[in-house]
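To start, the structure under review is shown below, and the notes come after it.
The values are calculated or read from the model by the stated rules, or taken from the named source; none is laboratory data. From a predicted model like this one, the values you see are computed outputs, not experimental measurements. Here the Cβ positions follow ideal geometry from the backbone for every residue, glycine too, while neighbour counts run over all protein chains shown. Surface areas here come from the heavy atoms of the whole protein model, side chains and all, with no ligands, DNA or RNA. Shrake-Rupley method; radii C 1.70, N 1.55, O 1.52, S 1.80 Å.
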Amino acid sequence: GVATGREELVIRLPEAAWVWMTGTVVGPDGGLPANVQASPSLVGGNWGTPVETVDPNDGSFRFGPYPPGTYRLMFQADGLPRLRFERKLGADETWDLGTVRFPRGGHLAVQLLGSLALPAKLRLGITDPANGAALERVDLENGIGRSRPLAPGDYQLEVHGEGFASQIVPFSIRAEQETKLDVELAEGFAAKLTIELPAGRQRGGSIDLEVRDESGRLIRRLTASSSGKAPSQSLSLASGRYRVSASWQDCSATAGFEVGGRSAQTTTVLRLQPR
């Protein structure tokens, strides 16, 4: 909403309470890692993620002032796993993270198997099994990929691309070890999910979708924007029966559908209703 011109633009910070983030960053051996950067972001905010740095002598930091709200804070350093934190901060609150210690990480090595030609847009994403949050991605070259360092723990590899069956493969990472994962690619067939929102509801936010197979195994997570006239998402699945669940605000819906052979694209309608 700002137009160029000769008039001076004055931006006045409001007389409001602010929040701060403090602490000290150390590496696995207790020293200061190389090239530490921090990225605080306001969840649902309308400003970009700044890049902050820590004190080059002792790793201490004091980030702010920022407006109150829920923040995600990510730290990264050369050759070490990324660290992520989240917390809601009220007016005049200081988030003291204490000592933020980078662990020794491990790597994921992926080998794609199968006779199908690799598509240009095949995506491999590493997610948190607890909530599906995207953590890292794996770039491929000739069907082989290797992740950046990951903190020890449990993860999921989400594989999807047009013409390939979506799948989620669990794996674990151990410190200073490489986890090898062979992923068998299978042919996928198009399916479309269309969501109908309750009448009279103010739109906004994302619609969360989960697709599971007959055994209840999670196959794909997706989100759809609630802002458009007809929210929808498309995906590729192996032949079989599936169940999809959708949630948005205090509304939800579930539906079963089938994907079969080379038939026309399957379209499934989910009508969201208050729980």
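Assorted remarks:
- Summing Lys and Arg as +1 and Asp and Glu as -1 over all other residues whose Cβ lies under 10 Å from the Cβ of Pro149 gives a net charge of 0.
- Under the criterion of Cα pairs below 8 Å and six or more residues apart, the relative contact order for the chain equals 14 percent.
- Lys-Lys pairs in the chain that are eight or more residues apart or on separate chains and whose Cα atoms lie under 28 Å of each other come to 4.
- Ordering Gly216, Ser247, Gln177 by Cα displacement along the dipole of the stretch 155-275 toward the positive end leaves Ser247 in first place; charges were set at the Cβ atoms of Lys, Arg (+1) and Asp, Glu (-1).
- Gyration tensor verdict on the stretch 1-109 (Cα atoms; rounded if a/c is under 1.5, prolate if a/b is larger than b/c, oblate otherwise): prolate
- Per-residue ³J(HN,Hα) for the stretch 24-32, Karplus 6.51 cos²θ - 1.76 cosθ + 1.60, θ = phi - 60°, Hz, x for Gly and Pro: 9, 9, 9, x, x, 9, x, x, 8
- Whole-Hz ³J(HN,Hα) from phi, Karplus 6.51 cos²θ - 1.76 cosθ + 1.60, for the stretch 237-242, glycine and proline x: 9, 5, 4, x, 9, 9
- Net +/- balance of residues flanking Pro274 in space, Cβ distance below 14 Å, scoring K and R +1, D and E -1: +1
- Hydrodynamic estimate: the Kirkwood radius of the stretch 199-275 over Cα pairs, inserted into Stokes-Einstein at 10 °C and 1.306 mPa s, corresponds to D of 119 µm²/s.
- The residues of the chain present an accessible area of 57 Å² per residue when probed at 1.4 Å with all protein chains retained.
- Chymotrypsin sites (Phe, Trp or Tyr not before Pro) restricted to the stretch 1-60 and DSSP loop, no more than 11 other C-beta within 10 Å: Trp47
- This model, with +1 at the C-beta of Lys and Arg and -1 at the C-beta of Asp and Glu, gives the stretch 191-266 a dipole about its Cα centre of some 180 debye.
- Our summary gives the stretch 211-275 a relative contact order of 26 percent, counting only alpha carbon pairs under 8 angstrom and 6 or more residues apart.
- The stretch 171-242, relative contact order [Cα under 8 Å, separation at least 6], %: 36
- Enclosing the Cα atoms of the chain in their convex hull gives a volume equal to 204 cubic angstrom per residue.
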